[in-house]
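The values are calculated or read from the model by the stated rules, or taken from the named source; none is laboratory data. Please read all numbers here as calculations on a predicted model, not as lab measurements. So basically every Cβ, Gly included, is an ideal-geometry build from the backbone, and we count neighbours across all protein chains shown. Areas reflect the complete protein model, heavy atoms only, side chains present, ligands, DNA and RNA absent. Shrake-Rupley method; radii C 1.70, N 1.55, O 1.52, S 1.80 Å.
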Amino acid sequence: MDNLDTTFPSGADGLSSYEYLVNNINASAEEINRAVNQIITVDKSGQFSASAARFLAAIDHENFASQIDLLLKATIEKDRDQVYLSDLLSAVWGPDYTMHADELRDKDDNFRRIYKRVHPSGII
């Protein structure tokens, strides 16, 4: 992962944009932001936005918090069939997210919105 792929994918699709993010994870914050914005722009279903959010959360949740926030918002908006949303709960908030659902709901709007869609009759 230390070798930067300096060729930014122009006119890219979701997969090549996601691959660019993964291959350039050690790039500058500006380059990471550029890759995230590209993913959000080209992703029609939420698939790559969700994958990128999971990836960044696994790498460094705190350092990439603002990028994860944008990707989660995009996934919520684009994943109309809720194909990718449920995977985000444990990937971003941990496998024990249900134990902290009340706390997470109060402090994280993305969690609240995703949880409500995935568990419509849940505790929230």
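Miscellaneous remarks
- Flag if residue 69 is at pLDDT below 95 and either acidic (Asp, Glu) or buried (at least 18 other Cβ atoms within 10 Å of the Cβ) (or both): no
- Filter result (among the hydrophobic types (A, V, I, L, M, F, W, C), surrounded by fewer than 17 Cβ atoms within 10 Å (Cβ to Cβ) and closer than 12 Å to residue 67 by Cα) within the stretch 17-41: 29
- Count of the stretch 96-110 residues which are open to solvent by 70 Å² or more (accessible area, probe 1.4 Å) and of a type in the set (Phe, Trp, Tyr): 0
- In the stretch 48-65, the residue that is farthest from residue 113 (Cα to Cα) out of those that are open to solvent by 70 Å² or more (accessible area, probe 1.4 Å) and in a helix (DSSP H, G or I) is 59.
- Unique match (being more than 13 Å from the chain's Cα centre (by Cα), over 16 Å from residue 118 (Cβ atoms) and among the hydrophobic types (A, V, I, L, M, F, W, C)) among 40, 68, 25: 25
- Failed item in (1) open to solvent by 80 Å² or more (accessible area, probe 1.4 Å); (2) at pLDDT below 95, with residue 77 passing the rest: (2)
- Cross-chain or 6+ apart pairs with Cβ under 9 Å, the stretch 35-59 first and closer than 13 Å to residue 83 by Cβ, then of a type in the set (S, T, N, Q) and modelled with pLDDT under 95: 43/17; 48/17
- Counting only helices (runs of 4 or more DSSP H) that sit completely within the stretch 69-124, those holding 3 or more residues that are of a type in the set (D, E, K, R) correspond to 101-107, 109-118.
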